[in-house]
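Reading through the structure tokens given below for one structure.
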Amino acid sequence: MVFGALEPDHIWHLAGTLFESAAENPTAILGKVHNVGSGAPDVQEACSLTKFLLQTVSLDAYADTPTQHLPSLFLRVLAALSKHVGHLKPSELAAGLGLCREVLERVQPGGVGKIINDADERTSEVS
């Protein structure tokens, strides 16, 4: 596949740049997939593309991907969400946070889901 031919730092840097650009320029129409070549993707499309890459690109091929490139991607996504939280729609914020969770799952498999499930259990006990 073509993604296997690219350097991992290029793939994850591009994904981070794509998300930052989408967060800076949110679109008015959400949930609609745009035609190929119709412009920059919106936040939800950038999240979908990055999740696809996380599932498709072999993370085991390079040792620095889960220890360097993915944590960097996580920080870039989180920084973009924090910077633009005032004008992003709730669905865009949810998509971005979902992407953060996916990236963290690849960095530390099993750890994120357990933390979130434990927090959900504590929240339901309080309610």
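The values are calculated or read from the model by the stated rules, or taken from the named source; none is laboratory data. Note that this is a predicted model, so its numbers are computed, not measured. As a convention, Cβ positions derive from the backbone with ideal geometry for all residues, glycine included, and neighbour counts pool all protein chains shown.
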Those residues of region 49-78 which are modelled with pLDDT under 90, assigned to a helix (DSSP H, G or I) and of a type in the set (Ser, Thr, Tyr), in sequence order: 56, 65, 67
Flagged in region 14-39 as touching a Leu at 6+ places or on another chain (Cβ under 8 Å) and modelled with pLDDT of 75 or more, in numbering order, are 15, 16, 18, 19, 23
Return the residues of region 59-93 that are polar (S, T, N, Q) and free of Cβ contacts under 8 Å to residues at least 60 places away in the same chain; say none if nothing qualifies. 65, 67, 68, 82
Name the pairs: first residue in region 44-58 and at negative phi, second residue buried (at least 23 other Cβ atoms within 10 Å of the Cβ) and not small (Gly, Ala, Ser), Cβ to Cβ under 6 Å, at least 6 apart or on different chains? 46/19; 47/99; 50/99
How about region 79-97: which of its residues are crowded, with 19+ Cβ neighbours inside 10 Å and in a loop (DSSP other than H, G, I, E, B)? 84, 88
